[in-house]
Amino acid sequence: MKIIDTHAHLDQLPNLDQALKNAASAGVEAIMAMSMDLASCKKSLLIKQTTSQPKIYLAMGMHPSEVNLADLDALILLIKENRNQLNAIGEIGLDFWYKWVRKDEAKKDEQRQVFHRLLNLAKELDLPVVIHSRGAWRECFETAQGLGLTKVNFHWYSGPLDVLSDIMLAGYFVSTSPSVAFSPQSREAMSHAAIEQTLIETDCPVYFGNRDDGTGFEAEPKDVVRTLKAYCDLKKIEESVALNIFNQNAKKFFGIT
Ligand SMILES: [Zn+2]
C-alpha cells in the first residue's frame, strides 16, 4: 500500500522516530506536516530537513487557537524565506467553537487578522491553504472565496451541509480524519462530499474514541489507513479504488509528485 497522510502535526508527536518507522511500515509514503505557530514552523522545517522516509512535505501557518500577533511578522518572513521548502500554508483559519471565544470580539478579530494576512500571503506565493474552520465554517468559506483563493482544503470537515455544498461548487477540497468511523457529523459530511474533492488525514496526535473503555487511540500518521478503511466502509467503495483517487487528489492539490 502507498498512502499519504495529508494532515499531521509531526512536531507534537510524543515519539516521532517510532511514529515515522510505524508509518513507513504501514505503507505511508508521504506526510503533509502542518504547523501551529512560529516555534512549530521552525520544528516542522527541521523535521522535514532531517527525515528521508516517509517523504515529508511542509505547511507553515498560525492555527486560530494559537494566534499571536506579536509573532506574525516573523512567521511571514520565515515563510517567505523558505518558500521553496513549502507545499502549503497551514494550518490557518477561524475557530469560534467555544462559547467564550464567540463572546470575545477582540479574540475573534485577532483570528480574522491572522487568517486574512496568511490567506493573502498564500495567494501572493501561489500556495494551497489548509483551513481549520470549526464553528466558523461559513465565514471561512466566504473569506477564502472573497479573497480569490483557488486551492483550498477544509480540513477534517464536519460542518453544515450547505457550506459543504458551496465548498464543492467552488472546486475546493475537504479532508476527513479517523473520526469518519464514528462521528455522526463527519459521516454526514463525507456521505455528501465528492471523493474527487476529498483528502484523507489523521490530524495526529489527536486522540480518537473513548479513553475510558480502551477503544480509543492517539493517532499517528500510520492511522491514515484507519481513515481510508472507515471512509470506504461508509461509502461502500473498494479500498484500492478509493486509495488511488485519494493519492491523485493529494498530489494534485499540493503539487507533489
Ligand atoms: Zn490540525
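Residue under question is Lys107, and the condition is that it be part of a helix (DSSP H, G or I) and either within 16 Å of the ligand (Cβ to nearest atom) or farther than 23 Å from Gly255 by Cα (or both); does it hold? Yes.
The residues of region 165-190 that are closer than 11 Å to Leu234 by Cβ, assigned to a helix (DSSP H, G or I) and not acidic (Asp, Glu), listed by number, are Val180, Ala181, Ser186, Arg187, Ala189, Met190.
Do the conditions hold for Lys123, that is, is it under 14 Å from Thr143 (Cα atoms) and either touching a helix residue (DSSP H, G or I) at 6+ places or on another chain (Cβ under 6 Å) or surrounded by 14 or more Cβ atoms within 10 Å (Cβ to Cβ) (or both)? Explain how you work it out, then say what you get.
Values: under 14 Å from Thr143 (Cα atoms): yes; either touching a helix residue (DSSP H, G or I) at 6+ places or on another chain (Cβ under 6 Å) or surrounded by 14 or more Cβ atoms within 10 Å (Cβ to Cβ) (or both): yes.
For Lys123, the condition - under 14 Å from Thr143 (Cα atoms) and either touching a helix residue (DSSP H, G or I) at 6+ places or on another chain (Cβ under 6 Å) or surrounded by 14 or more Cβ atoms within 10 Å (Cβ to Cβ) (or both) - is met.
Inside region 233-248, can you point out the residues that are open to solvent by 10 Å² or more (accessible area, probe 1.4 Å) and assigned to a helix (DSSP H, G or I)?
Let us first name the residues in region 233-248 that are open to solvent by 10 Å² or more (accessible area, probe 1.4 Å), namely 233-241, 243-245, 247-248.
Matches in region 233-248: Asp233, Leu234, Lys235, Glu239, Ser240, Val241, Leu243, Asn244, Ile245, Asn247, Gln248.
From the list Val114, Val67, the lone residue that is over 17 Å from His155 (Cα atoms), in contact with a Lys or Arg (Cβ under 9 Å, 6 or more places away or on another chain), touching a residue at least 40 places away in the same chain (Cβ under 8 Å) and within 16 Å of the ligand (Cβ to nearest atom) is Val67. Scanning region 191-221 for residues that are assigned to a helix (DSSP H, G or I) and without any contact (Cβ under 8 Å) to a residue 60 or more places away in the chain, we see that the one that is nearest to the ligand (Cβ to nearest atom) is Gln197.
The values are calculated or read from the model by the stated rules, or taken from the named source; none is laboratory data. Remember, predicted model here, so these are calculated numbers, not experimental data. Virtual Cβ from ideal backbone geometry, glycine too; neighbours counted across all protein chains shown. The protein model used for the area step is the full one, side chains on, heavy atoms only, and it has no ligands, DNA or RNA in it. Shrake-Rupley method; radii C 1.70, N 1.55, O 1.52, S 1.80 Å.
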